[in-house]
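Here's the structure, in structure tokens; my notes come after.
The values are calculated or read from the model by the stated rules, or taken from the named source; none is laboratory data. Everything numeric in this text was worked out from a predicted model, so none of it was measured. Here the Cβ positions follow ideal geometry from the backbone for every residue, glycine too, while neighbour counts run over all protein chains shown.
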Amino acid sequence: MPKSGNFIRRIVPLAAAAVVAVLAVATAQAAPAKHSATAIQGAGSSLVAPLLALWGPGYQSAAGVQVNYASIGSGGGIAAITARTVDFGASDAPLSPDQAAACKGCVQIPWALSATVPTYNIPGVKSAELHLTGPVLANIFLGKITNWNDPAIKKLNKGLNLPDLKITAAHRSDGSGDTFAFTDYLSKISPAWKAQVGNNTAVSWPVGVGGKGNDGVAAVIASTPGAIGYISVAYVLKNHLNWARMLNAAGKYTLPSVPSIEAAAATVTKVPAGNRMSIVNPPKTKKYANAWPLSTFTYVILPAKTAKAADLRKFIFWALTAGQGRKFTAPLVFAPIPKVVLVAAEKTLKQIQP
């Protein structure tokens, strides 16, 4: 095993322990405050839920305002803010034109940056030992590659003892921003996937087993020898699962980390109107040589007109500034928002008015 493998074996258990400890502390701190003057209600993305579990107590300590959040998936978050049953929704998938119209005056603001990760349970294969490419991953989820000793996988993993074991593809059963990022990537890397399945928060899966939320998919993977699925990096660490090395467009097998997510986000040099961005599969250039190909922004969705405008602006501004501090983001493998995106986010935030 090369030195990098030894480093990974040392660092991953430490990172996983840190995530579990952070989430435990955040959960304990997130109990309803007795003297909170104001409460903000949110719901949506499970990817961003671990970060909000830290942001909530952090913001309450800083501003005396309680933030309550329900992790119900990006699709649920979009539905909740559209119905105005919450003060903000959260989604890893930007609003589609139809969703934006249905939300009647909502804006979306990129407020966090992380990664979706192919995660596996192969007896005898440790974390970061498995190498995959986008086309091979697409063919697994298309049902074209069905066994771990398939020649296409063995070709990428010379010397690795891959068993004669059926592959179980695990996917989200609910509307999910992780599904959006995952299918966005596969659509860009595989013409067959784009033609047969496409890109959305919920798709018609050719094969596999569904799980609700990141925790649901993690449970399927953990309990099923031969399983592979996609979950947010914080949940990989929390559940002590194995992550695959992915070949990026620059020809390098990478792992999800703050630097590799930052490298992917560096592809954004100008934020488009509406803040809708995709940073999966960064191009083949030296600048993005270390980029993780399944990186994603996640968004807070807000009504432009709301009675809680002042409270929401203050909270989101805090999340975009103090909330980007390493004590919140680094243990969960969230990367800081790039300056160009931060400027666009703060500009959009000004649109929130009473």
- prompt: Hey, among A181, A195, A169, which residue is in the same structural domain as V236 (by TED's automatic domain parsing), in a strand (DSSP E or B), within 30 Å of S45 (Cβ to Cβ) and modelled with pLDDT of 95 or more?
  reply: A169
- request: Tell me which residues, restricted to the range 80-94, are polar (S, T, N, Q), in contact with a helix residue (DSSP H, G or I) (Cβ under 7 Å, 6 or more places away or on another chain) and part of a loop (DSSP other than H, G, I, E, B).
  value: none
field: Matching entry among D92, D87, D98 (being modelled with pLDDT of 95 or more and either more than 25 Å from G325 (Cα to Cα) or hydroxyl-bearing (S, T, Y) (or both))
entry: D98
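Being at pLDDT below 95, closer than 24 Å to G75 by Cα and hydrophobic (A, V, I, L, M, F, W, C) narrows it down to one of A265, A273, A309, so name that one. It would help to see each step written out before you state the result.
On the way: A265 fails: at pLDDT below 95; A309 fails: at pLDDT below 95.
When all the criteria are applied, what remains is A273.
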field: Filtered residues of the range 322-354 (kept if in contact with a strand residue (DSSP E or B) (Cβ under 7 Å, 6 or more places away or on another chain), assigned to a helix (DSSP H, G or I) and not β-branched (V, I, T))
entry: A345, L349
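Inspect all residues belonging to the range 131-141 and state whether any of them is in a loop (DSSP other than H, G, I, E, B), touching a helix residue (DSSP H, G or I) at 6+ places or on another chain (Cβ under 8 Å) and either of a type outside the set (G, A, S) or at pLDDT 95 or above (or both). Steps first, please.
Residues of the range 131-141 in a loop (DSSP other than H, G, I, E, B): 133.
Those still in the list that are touching a helix residue (DSSP H, G or I) at 6+ places or on another chain (Cβ under 8 Å) too: 133.
If we keep only those that are either of a type outside the set (G, A, S) or at pLDDT 95 or above (or both) as well, we get 133.
Yes, the range 131-141 has at least one match.
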query: (1) in contact with an Asp or Glu (Cβ under 6 Å, 6 or more places away or on another chain); (2) buried (at least 20 other Cβ atoms within 10 Å of the Cβ); (3) touching a residue at least 40 places away in the same chain (Cβ under 8 Å): which one isn't true of N199, the others all being true?
result: (3)
query: Any idea which residue in the range 202-238 is surrounded by the fewest Cβ atoms within 10 Å (Cβ to Cβ), counting only those that are among the polar types (S, T, N, Q) and out of contact with any strand residue (DSSP E or B) (no Cβ under 8 Å at 6 or more places or on another chain)?
result: S204
statement: Matching residues in the range 152-166 (surrounded by 11 or more Cβ atoms within 10 Å (Cβ to Cβ) and part of a loop (DSSP other than H, G, I, E, B)) number 6
- request: Filter the range 97-138 down to residues that are surrounded by fewer than 21 Cβ atoms within 10 Å (Cβ to Cβ), among the small types (G, A, S) and in the same structural domain as L162 (by TED's automatic domain parsing), then give me how many there are.
  value: 2
message: Conditions first: (1) out of contact with any helix residue (DSSP H, G or I) (no Cβ under 8 Å at 6 or more places or on another chain); (2) over 30 Å from L160 (Cα atoms); (3) assigned to a helix (DSSP H, G or I). G274 passes all but one, so which condition is the exception?
response: (1)
statement: With criteria (1) farther than 21 Å from P191 by Cα; (2) part of a loop (DSSP other than H, G, I, E, B); (3) touching a residue at least 40 places away in the same chain (Cβ under 8 Å), N149 comes up short on (3)
field: Any chance A319 is touching a residue at least 40 places away in the same chain (Cβ under 8 Å), in contact with a strand residue (DSSP E or B) (Cβ under 8 Å, 6 or more places away or on another chain) and part of a helix (DSSP H, G or I)
entry: yes
task: Please go through the range 340-354 and pick out each residue that is buried (at least 17 other Cβ atoms within 10 Å of the Cβ) and free of Cβ contacts under 8 Å to residues at least 24 places away in the same chain.
output: L342
task: Residues being in a helix (DSSP H, G or I) and either outside the structural domain of P123 (by TED's automatic domain parsing) or polar (S, T, N, Q) (or both): count how many of those fall in the range 198-236.
output: 2
